[in-house]
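For reference, the structure is listed below as structure tokens.
The values are calculated or read from the model by the stated rules, or taken from the named source; none is laboratory data. Note that the coordinates shown come from a computational prediction; the quantities given were computed from them, not determined experimentally. Cβ: placed from backbone, ideal geometry, glycine included. Neighbour counts: every protein chain shown. These area figures cover heavy atoms from the full protein model, side chains too; ligands, DNA and RNA do not enter into them. Shrake-Rupley method; radii C 1.70, N 1.55, O 1.52, S 1.80 Å.
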Amino acid sequence: MSDNFLAGLIGKSQGAGGARYKLLAFGSLILLFVVFSLASPNFLQTSNILAILQATSVNGVLAIAATVVIITGGIDLSVGTLMTFCAVIAGVVLTFLGLPLPLGIAGAILAGAGAGFVTGNIVARLRIPPFIATLGMMLILKGLSLVISGTRPIYFNGTPGFTSISQGSIVGTVIPAVPVPNGVLVLFAVAIVISLVLTRTALGRYTFALGSNEEAVRLSGVNTRGWKVAVYTLAGAICGIAGLLIASRLNSAQPALGQGYELDAIAAVVIGGTSLAGGSGTILGTLIGALIISVLANGLRIMSVPQEWQTVITGTIIILAVYIDMLRNRNAS
Amino acid sequence: MTDLVTMRGIDKAFPGVRALKGAEFDLRPGEVHALMGENGAGKSTLMKILAGIYRQDAGEVLVGGQPVDLGSPRAAIAAGIGIIHQELILMPHLTAAQNILIGREPRKAGGLLLDEVALNAYAADVFKSMQLSLDPRTLVGSLTIARQQMVEIAKALSFRSRILIMDEPTAALNDKEVNELFAIINRLKADGVGIVYISHKMDEIKRIADRVTVMRDGAYVGTVDARETPISKIISMMVGREIDNEAPAAPDLSAAPVALEVRGLTRATQVRDVSFAVKAGEILGFAGLMGAGRTEVARLIFGADKADSGEILLGGKRIDVVAPQDAVRCGIGYLSEDRKALGLATGLDVRNNIALASIPRFSKLFGILDEQAMHAAANEYIEKLAIKTPSDRQPARLLSGGNQQKIVIAKWLLRDCKVLIFDEPTRGIDIGAKSEIYKLLNALAAEGKAIIVISSELPEVLRLSHRIAVMCEGRLTGFLPAGAPQEDIMRLATMRGAAA
Ligand SMILES: Nc1ncnc2c1ncn2[C@@H]1O[C@H](COP(=O)(O)OP(=O)(O)OP(=O)(O)O)[C@@H](O)[C@H]1O
Ligand SMILES: [Mg+2]
């Protein structure tokens, strides 16, 4: 792997002062680990760590989708309900139509890409601001999920291998001591692939360029609309993967679920140091952000902090993270 | 020989503005054709039509004798037309190399991946051919405006266009960089490239241009030979009148009180132990090379940056400025050199931009704004500075570059400050408006305001200043009286490593 890719993964190449900040986010994660393991002996147990990772997988994948859009200077409020929509489509393909598993996987991802393509066109061609366009899509997809499923959960009992997409453990069959769930592998695979896309491909370059100065890209003769549609399509496909993960974990597509997930995803992106103004951001940062959120939830639960207070603490962390991000930008300029 | 470009009878209207009325232009291979005219004459608009950014309402464009339809920037690039924009249009989060090759990235792995090594090598080559020492991997956002301008130039050059439009390329460059640019232009000329050169600097036109086409109010005035035509002729074609450009005699300030004093101002290596005083009624000019620290001094006084040490006294009393609002409250105004990032609210209209620093004055009961008074004040300055705009409700971003600059000047003139700091106040401003602004500054000084003018144009410093302070590498290297010979200024401006 080239320097550039590594730099992109650890967050050096985009945005001055990024490296130091990434260290800071990573440092906070370590700090949380230390605090919680001192507070409770159960925290550092393998089973708990694996549970944290498993809990991160869905939000992590969604946050990666949100990151890509946010780097273009946009925002995607529809990632949560799109995830559910894709899960429902998998249910239609596998349970209603009884088709084999690979087609269900393809169906979910294609449905995600298709919805992303529509959102992209609304943003790029109709020029509806991303906030509005994705707010609309969020509701549309939520409604469609309920309509298609008849407002009832769709179970995957007829598709034997389905739960192992997220819950099985390929690693566990090789190293029985650390049965890392497949969902976690999927998260890491998505992270690595999207990191590569962002740092090494034209699509990635235009993602950053659009967020940095869209007019400059357009005047350079680049088809900015087409690329923007491509970015939203990619984000949609990633939501499709998230849809498979959550459906596999619940062994069902729950059509009423989904709204609210977008906020957790955006929170992870922001904690990870991606600027909402666009032009900069890293997947590793987002991963760390997603981990911080689940470590907090898990650790506070182990310490028996009530759920309500967990929410208050997460909110505080978000504001702190953005404040630190602003300090960093001020120092960098 | 067929002309590279012929534009005939071009009309272009924007809502409320007829920007072009029957404009004409032609370009031959291997020539530098200057396009001149006052602010808002339509120069940039005409060239944006050629670059495929706007489409004309009427008229035809021929490239190489063939009528063409330049419907998009892409089409213009394909037709061999490159443009260096007046406003820097770059992506700050991307590196210099990534900016230059945006949309044309070298690929590898069958087109799947970007070839970053080739990308950087290509950009390094372009920089080398420009004799510019710049790491292609530097983030553009971390570069100075002058350097960003060089990246913009490098980008335009890298297209190897046969037709190259330069819209005020030297507005942010120092003398050395201008010389480098002119060397590049001469090489391109020898290769048969046709260059459209837009500038308000008369000396540059004389040095580099072969022909000059003058526009006024969107219409064609005429085309003349650049070397044989006297400057005064070109100017009168531009403005339709003679311009009085005599500097008034410096006033006697021996009895005037000191308005602003700075003692031992220091910030890292950018500003080192700078001390000076400006009297009420005085215009103190700051000369020096680009990067000498003049802007940084201004930013420290204005509270835009924090000084490591030193003190600022206003009317003999020490003041504490930690933020621009403190400075403004004390009556210090600062016109920044980078108007887009720091001076102009591009989304607001002309009226609100002019009133922006004086809002309390226009607030009535319950903070309701007195639009009537704002309108009157805005119009007063629109008239005084000849700001070209259909009305004071026009969004500022739709005005021509020079007229945007005038708005920022108007804002600080309206604010009624005791001390005014102007950083490159006439960058991109046409010659007629320049002399108006000089007159205004003199009038303000006569009213007893202390004025600091930072300018990289020596003639401007000499024309305006009652006294000249010269800086080099963060140090104040000396003061000179009005009318000092240019050589003395240059000697102080290059006094490296010496204390005042
Ligand atoms: N997009 C736009 N919408 C509305 N008006 C515009 C637009 N672009 C330019 N104009 C107006 O058209 C006129 C010509 O502008 P242009 O930018 O071509 O002037 P210019 O000759 O380049 O001036 P300068 O020397 O100040 O750069 C101006 O009155 C300007 O306000
Ligand atoms: Mg212009």
**OP:** Identify the single condition in (1) at pLDDT 85 or above; (2) open to solvent by 40 Å² or more (accessible area, probe 1.4 Å); (3) not basic (Lys, Arg) that B:Cys330 does not satisfy, given that it satisfies every other one.
**Re:** (2)
**OP:** Within the range B:53-84, count every residue that is closer than 19 Å to B:Arg162 by Cβ and not in a strand (DSSP E or B).
**Re:** 15
**OP:** Sort through A:Leu263, A:Leu276, A:Leu257 and tell me the only one that's surrounded by fewer than 24 Cβ atoms within 10 Å (Cβ to Cβ) and part of a helix (DSSP H, G or I).
**Re:** A:Leu263
Subject >> Only listed residue being within 14 Å of another protein chain (Cβ to nearest Cβ) and in contact with a Leu (Cβ under 8 Å, 6 or more places away or on another chain), chosen from A:Gly278, A:Gly226 >> reply: A:Gly278
Original post:
Could we say that A:Leu185 is surrounded by fewer than 19 Cβ atoms within 10 Å (Cβ to Cβ), in contact (Cβ under 8 Å) with a residue 24 or more places away in the chain and either more than 10 Å from chain B (Cβ to nearest Cβ) or closer than 24 Å to B:Ala118 by Cα (or both) here?
Top reply: no
Original post:
Which of the residues spanning the range B:149-166 are away from chain A (no Cβ under 11 Å) and either open to solvent by 10 Å² or more (accessible area, probe 1.4 Å) or basic (Lys, Arg) (or both)?
Top reply: B:Leu157, B:Arg160, B:Ser161, B:Arg162
Original post:
Across the range A:128-181, which residue is nearest to A:Arg249 (Cα to Cα) among those that are open to solvent by less than 20 Å² (accessible area, probe 1.4 Å) and among the polar types (S, T, N, Q)?
Top reply: A:Ser166
**OP:** State which residue is most open to solvent (accessible area, probe 1.4 Å) when the search covers only the range B:24-48 and only residues that are within 13 Å of ligand 2 (Cβ to nearest atom) and outside any loop (DSSP other than H, G, I, E, B).
**Re:** B:Lys48
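One line per residue, one yes/no per condition, for (1) within 29 Å of the chain's Cα centre (by Cα); (2) closer than 20 Å to B:Leu440 by Cβ; (3) open to solvent by 30 Å² or more (accessible area, probe 1.4 Å):
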{"site": "B:Ala298", "(1), (2), (3)": "yes, yes, no"}
{"site": "B:Ile301", "(1), (2), (3)": "yes, no, no"}
{"site": "B:Val321", "(1), (2), (3)": "yes, no, no"}
{"site": "B:Asp370", "(1), (2), (3)": "no, no, yes"}
Subject >> Matching entry among B:Val17, B:Val63 (being β-branched (Val, Ile, Thr) and away from ligand 2 (no atom under 16 Å from the Cβ)) >> reply: B:Val63
Subject >> Any helices (runs of 4 or more DSSP H) falling wholly within the range B:431-500 and containing at least 3 residues that are crowded, with 17+ Cβ neighbours inside 10 Å and within 22 Å of the chain's Cα centre (by Cα) >> reply: B:431-446, B:458-464
Original post:
Listed residues B:Leu413, B:Leu385; which is of a type outside the set (D, E, K, R), closer than 21 Å to B:Leu284 by Cα, outside the structural domain of B:Val214 (by TED's automatic domain parsing) and in contact (Cβ under 8 Å) with a residue 12 or more places away in the chain?
Top reply: B:Leu413
Original post:
If you go through the range B:383-424 one residue at a time, how many are assigned to a helix (DSSP H, G or I), over 22 Å from B:Glu457 (Cα atoms) and within 16 Å of ligand 2 (Cβ to nearest atom)?
Top reply: 3
Original post:
So, of the residues in the range B:13-46 that are under 21 Å from B:Gly82 (Cβ atoms) and within 12 Å of ligand 1 (Cβ to nearest atom), which turns out to be nearest to the other protein chains (Cβ to nearest Cβ)?
Top reply: B:Ser44
Original post:
What is the one condition in (1) open to solvent by 50 Å² or more (accessible area, probe 1.4 Å); (2) under 30 Å from A:Arg152 (Cβ atoms) that A:Leu320 does not satisfy?
Top reply: (2)
Subject >> Members of the range B:79-98 that are under 19 Å from B:Leu188 (Cβ atoms) and at the interface with chain A (Cβ under 9 Å from one of its Cβ atoms) >> reply: B:Ile83, B:His85
Original post:
Looking at (1) within 16 Å of ligand 1 (Cβ to nearest atom); (2) open to solvent by 40 Å² or more (accessible area, probe 1.4 Å), can you tell me which one B:Ala78 breaks?
Top reply: (1)
Original post:
From the residues in the range B:99-125 that are closer than 22 Å to B:Thr144 by Cβ and open to solvent by 10 Å² or more (accessible area, probe 1.4 Å), which one is farthest from the other protein chains (Cβ to nearest Cβ)?
Top reply: B:Ala124
Original post:
What are the pairs, 6+ residues apart or on separate chains, where a residue within the range B:30-54 that is among the aliphatic types (A, V, I, L, M) has its Cβ under 9 Å from a residue that is within 10 Å of ligand 2 (Cβ to nearest atom) and assigned to a helix (DSSP H, G or I)?
Top reply: B:Leu35/B:Lys43; B:Leu35/B:Leu46; B:Leu35/B:Met47; B:Met36/B:Lys43; B:Ile53/B:Met47
**OP:** List the number of the failed condition for B:Leu70; all other conditions in (1) away from ligand 2 (no atom under 16 Å from the Cβ); (2) surrounded by fewer than 22 Cβ atoms within 10 Å (Cβ to Cβ); (3) within 14 Å of chain A (Cβ to nearest Cβ) hold.
**Re:** (2)
Subject >> Subset of the range B:252-288 (residues that are surrounded by fewer than 16 Cβ atoms within 10 Å (Cβ to Cβ) and under 23 Å from B:Thr426 (Cβ atoms)) >> reply: none
Original post:
Does A:Leu144 satisfy being among the hydrophobic types (A, V, I, L, M, F, W, C) and in contact with a Phe, Trp or Tyr (Cβ under 9 Å, 6 or more places away or on another chain)?
Top reply: yes
Original post:
Got at least one residue in the range A:103-120 being more than 30 Å from A:Ile70 (Cα to Cα) and surrounded by fewer than 19 Cβ atoms within 10 Å (Cβ to Cβ)?
Top reply: yes
Original post:
Would you pick out the residues in the range A:195-223 that are aliphatic (A, V, I, L, M), facing chain B (nearest Cβ under 8 Å) and under 23 Å from B:Gln86 (Cα atoms)?
Top reply: A:Ala209, A:Ala216, A:Val217, A:Leu219, A:Val222
Original post:
Of the conditions (1) over 25 Å from B:Asp225 (Cα atoms); (2) more than 13 Å from ligand 2 (Cβ to nearest atom), B:Ile53 fails just one. Which one is it?
Top reply: (2)
